[in-house]
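Written out below as structure tokens is the structure these notes cover.
The values are calculated or read from the model by the stated rules, or taken from the named source; none is laboratory data. In this text, all values refer to a predicted model and were calculated from it rather than measured experimentally. All Cβ positions, even for glycine, are placed from backbone atoms using ideal geometry, and neighbour counts span all protein chains on display. Ligands, DNA and RNA are excluded from the accessible area calculation, which covers all protein heavy atoms including side chains. Shrake-Rupley method; radii C 1.70, N 1.55, O 1.52, S 1.80 Å.
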Amino acid sequence: MEIRLATILDIKEIMFIEEEVIKSNCREAEIRHSIIQNRCVVGCIDERIFGFLIYHHHFFGQFFVELVIVSPRLRRNGVAKSLLRYIEENCQTSKIFSSTNQSNQPMKEVFKTLGYVESGVINNLDEDDPEIIFVKFI
């Protein structure tokens, strides 16, 4: 699997995955902006994109993985782990934070497998599904 920075030429494939997973293209402007700012990486197999990750540095001055989306066709094949490992290797802070809903057991397992630990909870973002914050010390 190749992990690389996304380019604006990747937007069509990225949005296909986004729509496949969340059934909406409501984040297209945000995704496009992250690509332009070099804050989006993609996971490719045979030059086809099967997942993407968006990050920023605005979480109390810390590195924060905002979004990890993997095509349902390739879930459980290491795409999310590869994207996160790429970010870990290129992180410029001593910690990486991310989050997922309490109900998202597969993503919680990815975090735990990679050595992330629970760091807090945010209630009331999604009704009856708290957001669990994870951190990894680099």
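So for the chain: antiparallel DSSP bridges make up what percent, rounded to the nearest 5?
Working: 29 of 32 bridges.
Roughly 90 percent of the DSSP beta bridges within the chain come out antiparallel.
I'd like the FRET efficiency for residue 2 and residue 36, computed as 1/(1 + (r/R0)^6) with the beta carbon distance as r and R0 of 25 Å, rounded to 0.05.
Given R0 = 25 Å and the Cβ-Cβ separation, E is 0.75.
So who's got an amide H within less than 5 Å of the one on residue 119, skipping anything under 5 residues away but keeping other chains? H placed 1.01 Å off N, in plane.
Those lying under 5 Å, H to H, from residue 119 are 133, 134, 135.
Be a star and scan region 67-89 for residues whose amide nitrogen sits under 15 Å from the point 7 Å along the Cα-to-Cβ vector of residue 45.
70-83
With all protein chains present and a 1.4 Å probe, how do 81, 23, 108 order by accessible area, largest first?
Result of the area sort, largest leading: 23, 81, 108.
Just to confirm, what accessible area per residue do you get for region 1-95 at 1.4 Å probe, in whole Å²?
Each residue of region 1-95 exposes 56 Å² on average to a 1.4 Å probe.
Over region 1-133, what percent of the accessible surface lies on carbon and sulfur atoms, probe 1.4 Å?
Solvent-exposed carbon and sulfur of region 1-133 make up 48 percent of the total.
Can you work out the FRET efficiency for the pair residue 121 and residue 9, with r the C-beta to C-beta distance and R0 = 35 Å, to the nearest 0.05?
Plugging the Cβ-Cβ distance into 1/(1 + (r/R0)^6) gives 0.35.
Identify which of 91, 44, 26 has the largest mean-square fluctuation in a Gaussian network model of the chain, with springs joining Cα atoms closer than 10 Å.
Result: 26 has the largest fluctuation of those listed.
If r is the Cβ-Cβ distance from residue 104 to residue 62 and R0 is 22 Å, what FRET efficiency results, to the nearest 0.05?
Efficiency, rounded to the nearest 0.05: 0.55.
Defining a contact as two alpha carbons under 8 Å apart and six or more residues distant in sequence, what relative contact order in percent does the chain show?
With pairs under 8 Å counted, the relative contact order is 19 percent.
Grab the DSSP H runs of the chain that are 4 residues or longer, score each as -39,500 (n - 2.57), total them, divide by all residues and round the 222 nm result to the nearest 500 deg cm²/dmol.
Value at 222 nm, helices only, nearest 500: -9000 deg cm²/dmol.
Roll a 1.4 Å probe over the protein chains and send me the accessible area per residue for region 99-138 in Å².
61
Looking at region 23-102, which chymotrypsin sites (Phe, Trp or Tyr not before Pro) are in a loop (DSSP not H, G, I, E or B) and have at most 16 other Cβ atoms within 10 Å?
60
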